[in-house]
1. Test Arg46 against the criterion of being on the phi < 0 side of the Ramachandran plot, surrounded by fewer than 12 Cβ atoms within 10 Å (Cβ to Cβ), assigned to a helix (DSSP H, G or I) and modelled with pLDDT under 75, and give yes or no.
2. Within the range 108-116, identify whether any single residue is loosely packed, with under 10 Cβ neighbours inside 10 Å, over 30 Å from Glu481 (Cα atoms) and among the aromatic types (Phe, Trp, Tyr), and answer yes or no.
3. Against the definition (of a type in the set (Ser, Thr, Tyr), modelled with pLDDT under 95 and more than 18 Å from His248 (Cα to Cα)), how does Thr337 come out, yes or no?
4. When Leu360 is evaluated against the numbered criteria (1) surrounded by 12 or more Cβ atoms within 10 Å (Cβ to Cβ); (2) over 28 Å from the mean Cα position of the chain (by Cα), which criterion, by number, is the only one it fails?
5. Could you tell me how many of the residues in the range 172-192 are among the small types (Gly, Ala, Ser) and assigned to a helix (DSSP H, G or I)?
6. Go through Phe269, Phe354, Phe300 for me and flag whichever is touching a helix residue (DSSP H, G or I) at 6+ places or on another chain (Cβ under 9 Å), under 28 Å from Ala466 (Cα atoms) and in a strand (DSSP E or B).
7. I'd like to verify a number: residues in the range 168-184 that are surrounded by fewer than 10 Cβ atoms within 10 Å (Cβ to Cβ) and either more than 55 Å from the chain's Cα centre (by Cα) or more than 20 Å from Lys216 (Cα to Cα) (or both), how many?
Amino acid sequence: MGNLDETLKIMAQNNEQLIAENQQLRKEITALREQVAEMNRRLFGRSKETVKENKDQLALFDDQLFSVAETTEEETVQVIESHERKRRPKGKKASLIKDLKANNIHYELTDEARFCPCCSETMSHIGQTVIREEPIFIPGHFEKNVHIQHAYKCHYCPEDETTTIVKAPVPRPLLNNSLASATVVAEIIHQKYELAIPLYRQENDWKTYGLEMTRKTMSNWLITIGQRYLEPIYHVLQSQLIKEKVLHADETPLTVLDSKKTKNYLWLFQTTERSKKPVILYHHNEYRSAAVPTNFLKGFTGYLHCDAYVAYSNIPNIRTVRCLSHARRKFFEAIGTNKKGKAAEAVRHIDSLFRLERGLRGYSDKKRYFLRKRQLKTAWKQLYTFLRNCQALGRGKLANAINYTLGHWKDFTRMMNDGRLELSNNLAERSIKKVVIGRKNFLFSKSIPGAKVTGIIYSLVETAKANGLSPRKYFTYLFNELPQLGDFLSQESLAKFLPWDPKVQLLCAEIKSK
């Protein structure tokens, strides 16, 4: 009898062990299925992260359906008001080209063709009709400015060794003994940093226009000009940036061939969309440690919109505001093939918050604060209760998404206490995407000074655009005027060259299409 009890006990222990192993294997199978589903979605699925609404599941939904959270780095939300093709208003094409210089091309009958086919007499001109108007493209071409200095002397003074000769002042060049003119360098910057055309492709393009410039020459120009003229303005913009009370931050890898580090980084720090003086700065650093944002933002006290990367967590005198779009993406990736599961329901809860928040865009910061307390408070509570009640154990995507969201709950909901704050960090992600697009084309920077200047030029390009300027006009203006200051590029002298200066706004404003 004793042997039987011992045998049953051993069998019970083995059974429990098998049950535990079975549960562990089920979890691993679930995790692997999630990985396979996610890889299939990325390879063959849509990049748009949309989830169909289910009005029976969430009581917080009203009759007006909404689409998805605000755009993230991988998506662009398009709101389609009507599926019907709208008729184009009459005169639309004509209005687009009405301000272009007109070249009238007349089609007339020659002398012989003017003979009447009936009586052979010469026909008289009775009128003309405009058949069509079309734009024409004239490829760019080079001209040259020849700077000629005139000299003067007084003929009434006696001619001796003290005879005075006065020469007319000539503006200083951008670079001495160089072909780097203001317009040429501004165009190089426009093509590389706005159109993402690398220098090796520009080299061939410039040659077709009649000017041979090697990529090495252009690269040296950008580094020298960036260090001499643009970096001082960059530091003035940085001093303006840290005066703000709310900022956005992000970072992206950048390969630098001469660096000892496998990966370098371009960090992004920018003001909010509501700032009266928008500033967007990119900062190159070989490291991704907390010391980088700590040193760059030294003197800044306020809120910082960012993702959950640990480098942002312990910056002195800064309160982090996490991005809800990141949390949403984690739940979206956990959906897999289960379109009606808890992950999809969490996505719909988060979408409801974004929908409510979009309705508050036009209000002041103070008004947004009060409306959020009234409209978003319930939605936040429902999301929190839903996540707490979800039973997702182990290390699956759903469990990770829940733990991520609840672990940073205070930082997600901080925007409820200040109308200046946003629900996501999408603004920074859109700005960092400009670098990502360029990086796909020019792949890397050769040197650390080149990578640093890349960040500086991107900063002035995007800051100019954020202030309604044409970067090409802005750089042309800077490159004509800054050399005249000599070596005295102080913050006081550079203040009149900042993007929001009235004269800069007047001369460099972007022409908006109607």
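The values are calculated or read from the model by the stated rules, or taken from the named source; none is laboratory data. All of these numbers come straight from a predicted model, not from anything done at the bench. Ideal geometry is used to build each Cβ from the backbone, glycine not excepted, and the neighbour counts take in all protein chains shown.
1. no
2. Within the range 108-116, none of the residues are loosely packed, with under 10 Cβ neighbours inside 10 Å, over 30 Å from Glu481 (Cα atoms) and among the aromatic types (Phe, Trp, Tyr).
3. Values: of a type in the set (Ser, Thr, Tyr): yes; modelled with pLDDT under 95: yes; more than 18 Å from His248 (Cα to Cα): yes.
So Thr337 passes the test.
4. (2)
5. 2
6. Phe269
7. Here is the first cut: in the range 168-184, the residues surrounded by fewer than 10 Cβ atoms within 10 Å (Cβ to Cβ) are 168-169, 176-177.
With the extra rule that they be either more than 55 Å from the chain's Cα centre (by Cα) or more than 20 Å from Lys216 (Cα to Cα) (or both), the set shrinks to 168-169.
Summing the residues that are surrounded by fewer than 10 Cβ atoms within 10 Å (Cβ to Cβ) and either more than 55 Å from the chain's Cα centre (by Cα) or more than 20 Å from Lys216 (Cα to Cα) (or both) in the range 168-184 gives 2.
Residues checked against (1) part of a helix (DSSP H, G or I); (2) loosely packed, with under 15 Cβ neighbours inside 10 Å; (3) not basic (Lys, Arg):
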residue	(1), (2), (3)
Ile223	yes, no, yes
Val236	yes, no, yes
Leu247	no, no, yes
Thr252	no, no, yes
Lys260	no, yes, no
Tyr265	no, no, yes
